[in-house]
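J.: Supplied in C-alpha cells, the structure appears directly below.
None of the figures in this text is laboratory data; all of them are computed from the coordinates on show. Just so it is clear, the structure is predicted and the values come from calculations on it, not from any experiment. Cβ sites come from the backbone with ideal geometry, for glycine too, and all protein chains shown count toward neighbours.
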Amino acid sequence: MAFYRLSRRDRVPGLATAPFAFFPVALAAVIFLALLAKSWPLLSLKSLSSLIFSTTWLPSRGHFGLWPFVLGTLWVTITAFLLAVPVSILTSLYLSEYAPARVRRVFQPVLDLLAGMPSVIYGMWGVLVVVPLVGKYLAPVFGHQSSGYSILAASLVLALMILPTIISVSVEVLNSVPLSLKEAALSLGATRFEVIRYVVMKKSFPGILAACGLGLSRAFGETIAVLMVVGNVPLIPRSLLSPAYPLPALLANNYGEMMSIPGYESALNLAALLLLVIVVGFSLLARWYLVRISRRSG
Amino acid sequence: MNNQPGHQNSGRLRTRLRVESFFKLLMVVSACLVLASLVLILAIILWKSLPALKLSMITRNPGSGYYLGREGGILNAILGSLQVVFGATLLALAIALPAVVFLNSYLRRKSRLAELIRFALDVLWGIPSIVYGAFGFLIMITFHLRASLLAGLITVALVELPILSRALDETIKLVPADLKEATYSLGASRWQTATRVVLRQTFPGLVTAVLMAMGRGLGDAAAVLFTAGYTDKITTSLLQPVATLPLAIFFQLNSPFPEVQQRAFASAAILTLLILLISLASRSLSRRLSRHKIR
C-alpha cells in the first residue's frame, strides 16, 4: 500500500493535504489536454505529420507548416548544448579537482548569481555584445554575410545561460566521489588526470549526465533571450549564421493576438503542444537512460 | 604497465604527465573563459546603465512622453514585479507546502503514488515558462478575465510551483529518520511531527527555496507576457493590468530612441540588483537560521 495506516487524529490532516499533493499530477494532465483540445480544430482538418513536416508558414493563406520552427528549436538548442557541455565539464573538473579553495570561494557566488539572472538580461547582453561579434567579426571569417542575428548568436547566449546550472550541479556530483576511491587510484601510481579519467568520471557519469539534462531542458524552453538575438525568420535554417525562428519565439511574438485568422489560434496552440512534447520527451529519455545506467552499475 | 625497465617507464611517465598538464591547461582555460564572460555580462550592464541611472528611475512613474525620451521612471514596473512575485510565491507556497508534507509524511517513500507525484513535479519543472504563459492565457479566456495582476500572478505561481516543491522535497528528505522516530515514540501524530519537528528542522531550507523561487519569478518574462498586460500606472487591484520589470526592459530596448534604450539598461541594472539582494539574503538567512537546527 502507498499509504501508512493512519491513527484517527492523523486522518483529517492527511485527507486535507492529499489534494495539494495530487495537484501537480492534475496540472500536468490539464495543461496537456487543454493544449490538445485547443489545437484539435486544425488537427481534425490536416494530419499531424503534414502540419509538423510542412515547411510553408503563411497563416493568412491557411498554410501552417511548423517544420521551420521545430528545426529552429533543435538547431539553437543542440548547438548551445554542444558549446556549453565541454566547457562546463572541464570547468567543473577544474573546480572540484584542482582549484585552490580561494578560487572556489570566488566562483560559487558568481555561479549562483548568474544561474538566477533573468533571461531578458542575457538577451540584452546578446544584443549588445554577441550579435555585433557574430555579424562583424565571425561571419566575414567564414565568408558569409550576416546581420549577426543568427542561430550562432542565439546558441552562444543560450550556452552562457545554461553554463552556471550545469557547472554547479556537476561540481556537486564530482565532490560526492569518495576520497578513498581517488586515493586508492593514486596509490597505484595513477596521475591526477588518470584518476579523473578512470575513477572520477566513471563514478560520476550518471550525475553529470543528469546535470547536462537539466541544462538541456532549460535551453529548450528559453524564450526571451533567444527571441532577442535569433532573427525570427520562419525559413529552414541553412547554416549556423542564418537566422531562425524557434517555437518559443513564435509563441511569444504571436500568441496574445491570434484571433482574426481562422486556424491560427489552433496552429499556435499546436506549436505550444509540440514544444511541451519535445521538452518532456527529452527529459523522459534522459530519465530512462539514467535509470538504466544506475541499474547496470548496481 | 609496470613490467618494463626503469628508463622506458620514465619515458611513458613523461607522456602521461604531458597529457595531464595538457588537460589541466584546458580546464584552467575554460574556467577562465567562464569567469571572464560572466564578469563581462555584469560589467557591461553596469557600464551601459550608468548614464541613465538616476534616482527618478525608481521614484517616478513614466510621465507623458516617457517613451519618447522625456522625464519619468519605472516605479510602476518595480512595484508591479514585486506585487506579482509576492502574490505568486504565496500562492505557490500554499500549494507546495501541504503537498510536500503529504508526500513525505503520509506516503511511503518508494510507493508508486509518491513516484507518480514526484514524476509529475519533474515534468512540470521541465515545462518552459512560455508554455505556462500560453496555458495561463487559455485560463484567462475560459474565465473571461482580462490581462491582469491576478492572471499574471497565477501564471507565475504555476512556474514557481515545481521549483519550490522540488527544493522543499529535497530538504525534507534530508531530515534524519531518527528524529521523526523519536517524536513518534513520544506519541506524536504524523501531523504534529511534520509541522512541529520536520518543518521547523527544514526552515532554513524552506527560506532559501522560497527566495530561489522568488528570484525565478522576478526574472521570468515569458509567463507574464500575455497574462499580466502592461500599464504606466501603479496597480491597485487584482483585476487591473500590471507592469513588470522584465517586460519594461524588453519594451524599452525595442525603442528606436537611444535615451529610452539607455533606460532599458538602467532598468536591467535595477533588476540585477534585486536578484543580487535576493541571493545575498538567501545566503545570510540560511546561515543564520541554521543555528537552531538539531544535528
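J.: What FRET efficiency would be calculated for the residue pair B:L13, A:L133, taking the C-beta separation as r and a Förster radius of 35 Å, to the nearest 0.05?
T.: The calculated FRET efficiency here is 0.25.
J.: Another question, then. Counting pairs of alpha carbon atoms under 8 Å apart in space and at least six apart in sequence, what relative contact order in percent does chain A give?
T.: 27 percent
J.: Averaged across the residues of B:100-106, what count of C-beta atoms belonging to other chains lies within 10 Å of each residue's C-beta?
T.: Per residue, the number of nearby Cβ atoms from other chains is 6 on average.
J.: Still on this structure, I have one more. Using label points projected 7 Å from each Cα along Cα→Cβ, tell me how many nm separate B:S185 and B:S255, to one decimal.
T.: Between B:S185 and B:S255, the label points sit 6.7 nm apart.
J.: Further question on the same structure: Can you give the mean number of other chain Cβ atoms that lie within 10 Å of the Cβ atoms in peptide A:101-110?
T.: The mean count of partner-chain Cβ atoms within 10 Å per residue comes to 2.
J.: Within 15 Å, Cβ to Cβ, of A:L45, how many net charges do the neighbouring residues add up to if Lys/Arg are +1 and Asp/Glu are -1?
T.: It works out to a net charge of +2.
J.: With each pseudo-label sitting 7 Å past Cα toward Cβ, what's the A:V141-A:R8 distance in nm, one decimal?
T.: If labels sit at A:V141 and A:R8, their model points lie 7.8 nm apart.
J.: Which FRET efficiency value, to the nearest 0.05, do you get for B:F143 and A:S60 by plugging their Cβ-Cβ distance into 1/(1 + (r/R0)^6) with R0 = 30 Å?
T.: Given R0 = 30 Å and the Cβ-Cβ separation, E is 0.50.
J.: Run the dipole for chain A about the Cα centre, Lys and Arg Cβ at +1, Asp and Glu Cβ at -1, nothing else charged, and hand back the magnitude in debye, nearest 20.
T.: Once rounded to the nearest 20, the dipole reads 860 debye.
J.: Okay, moving on. First select every other residue whose beta carbon is under 13 angstrom from the beta carbon of B:L138; then total the charges, Lys and Arg +1, Asp and Glu -1.
T.: Spelling it out: positives minus negatives among the neighbours equals 0.
J.: Among B:191-198, B:172-179, A:59-66, how do they line up from the highest to the lowest mean number of other beta-carbon atoms within 10 Å?
T.: Ranked by mean Cβ neighbours within 10 Å, highest first: B:191-198, A:59-66, B:172-179.
J.: While we're here: Fewest first, what order do A:S44, A:S217, A:S266 take by the number of other Cβ atoms within 10 Å?
T.: A:S44, A:S266, A:S217
J.: Restricting to Cα atoms and excluding each atom paired with itself, what does the Kirkwood estimate give for chain A in Å?
T.: 22.1 Å
J.: Would you mind checking which residues have amide H under 5 Å from A:S54's amide H? H placed 1.01 Å from N; only 5 or more apart, or other chain.
T.: Under 5 Å from the amide H of A:S54: A:L66, A:W67.
J.: Order these by the 10 Å Cβ neighbour count, fewest first: B:T183, B:T244, B:T59.
T.: Ranking B:T183, B:T244, B:T59 by Cβ neighbours within 10 Å, fewest first, gives B:T59, B:T183, B:T244.
J.: Roughly how compact is region A:42-158, stated as its Cα Rg over 2.2 N^0.38 Å to two decimals?
T.: Ratio of Cα Rg to 2.2 N^0.38 Å: 1.48.
J.: Among B:61-69, B:82-90, A:200-208, what's the highest-first ranking by average C-beta atoms within 10 angstrom per residue?
T.: B:82-90, A:200-208, B:61-69
J.: Report the paramagnetic label zone for A:V291: residues of region B:86-112 whose backbone N is under 16 Å from a point 7 Å from Cα along the Cα-to-Cβ axis.
T.: Those under the cut-off are B:110-112.
J.: If you don't mind, there's one more thing I want to ask. I'd like to know which of A:G62, A:L160, A:Q108 lies farthest towards the positive end of the charge dipole of region A:36-162, counting +1 on Cβ of Lys and Arg and -1 on Cβ of Asp and Glu.
T.: Sorting the options by dipole projection puts first A:G62.
J.: Between beta-carbons, use under 15 Å as the cut-off and find the net charge around B:F250, counting Lys and Arg +1, Asp and Glu -1.
T.: -1
J.: Can you list the DSSP H helices in chain B whose Cα atoms extend at least 15 Å along the helix axis and whose mean Kyte-Doolittle hydropathy is -1.0 or higher?
T.: Helices passing the filter in chain B: B:6-49, B:75-101, B:112-126, B:129-142, B:149-173, B:203-219, B:258-289.
J.: What is the extension gain from B:S56 to B:E170, computed as 0.36 nm multiplied by their sequence separation minus the C-alpha to C-alpha distance, in nm to one decimal?
T.: 36.8 nm
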